[in-house]
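The values are calculated or read from the model by the stated rules, or taken from the named source; none is laboratory data. Bear in mind the structure is a predicted one, so any value in this text is a computation, not a measurement. All Cβ positions, even for glycine, are placed from backbone atoms using ideal geometry, and neighbour counts span all protein chains on display.
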Amino acid sequence: MPSFVAFIPTPTSHINGFFTLVDVSPSDVVYDLGCGDGRLLFAALEKGAGRVVGVELDPEPLVTARNWAKKKGVEDRTTFIEGDIMSANLSDATIVFTFLSSAAAMALKDKFDKELKPGTKVVMEMFPVPGWKPKRVVERGTDFYLYVMTPERLVA
């Protein structure tokens, strides 16, 4: 499957928007789908996440992400997967972040339904998941949508 968007770094001013909707703890495994250089994942570690996983199709920003992990001394708590987000196994995620496109949100809907456990939080920047009702929406220069996976899987 082709990539959904080219690498567009999450603006620093948008990073906290994700964290207005979720608190992270040492028990959390935070995934960023389309993680780029990992800046959102490093913020999650700084806020207390136990482990982070980034999935990125473009190898270039992953070089930066891996170098930052080494420099910050967090290699043991970071995993960066070079590959298509549709092929990544998300089953151990407790929080998922995405800043992709409306096409990606639509494509990810079934994947989330199949792979995410009840209680997993999904935060989408700018593009809501079609047919799902967000638990909360926050406007911080752009819209952020929080979904919490339930046994009913939120499907309308």
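Checking V29 against (1) out of contact with any Ser or Thr (no Cβ under 7 Å at 6 or more places or on another chain); (2) modelled with pLDDT of 75 or more, only one condition comes out false. Which one?
(1)
Tell me whether the range 130-145 contains one or more residues that are among the hydroxyl-bearing types (S, T, Y) and within 24 Å of P26 (Cα to Cα). Please lay out each step first, then the result.
Taking the range 130-145 first, the residues among the hydroxyl-bearing types (S, T, Y) are 142, 145.
Next cut, within 24 Å of P26 (Cα to Cα) only: 145.
Scanning the range 130-145, I find at least one residue that is among the hydroxyl-bearing types (S, T, Y) and within 24 Å of P26 (Cα to Cα), so the answer is yes.
State all residues of the range 36-66 that are at pLDDT 95 or above, under 16 Å from L100 (Cα atoms) and among the hydrophobic types (A, V, I, L, M, F, W, C); if no residue qualifies, say none.
L40, L41, V55
Restricted to the range 67-119, and to residues that are modelled with pLDDT under 95, under 17 Å from L40 (Cβ atoms) and among the polar types (S, T, N, Q), which residue is surrounded by the most Cβ atoms within 10 Å (Cβ to Cβ)?
T98
Which residue, of T12, T79, is free of Cβ contacts under 8 Å to residues at least 40 places away in the same chain, under 24 Å from P128 (Cβ atoms) and among the polar types (S, T, N, Q)? Spell out the reasoning first.
On the way: T79 fails: under 24 Å from P128 (Cβ atoms).
On inspection, the qualifying residue turns out to be T12.
Quick check on the range 68-78. Is at least one of its residues out of contact with any helix residue (DSSP H, G or I) (no Cβ under 8 Å at 6 or more places or on another chain) and not basic (K, R)?
We begin by selecting, within the range 68-78, every residue out of contact with any helix residue (DSSP H, G or I) (no Cβ under 8 Å at 6 or more places or on another chain); these are 70-71, 73, 76.
From what is left, the residues that are not basic (K, R) are 73, 76.
Yes: the range 68-78 contains one or more residues that are out of contact with any helix residue (DSSP H, G or I) (no Cβ under 8 Å at 6 or more places or on another chain) and not basic (K, R).
Given the structure, is T94 closer than 24 Å to K135 by Cα and touching a helix residue (DSSP H, G or I) at 6+ places or on another chain (Cβ under 6 Å)?
When the stated conditions are applied, T94 does not pass them.
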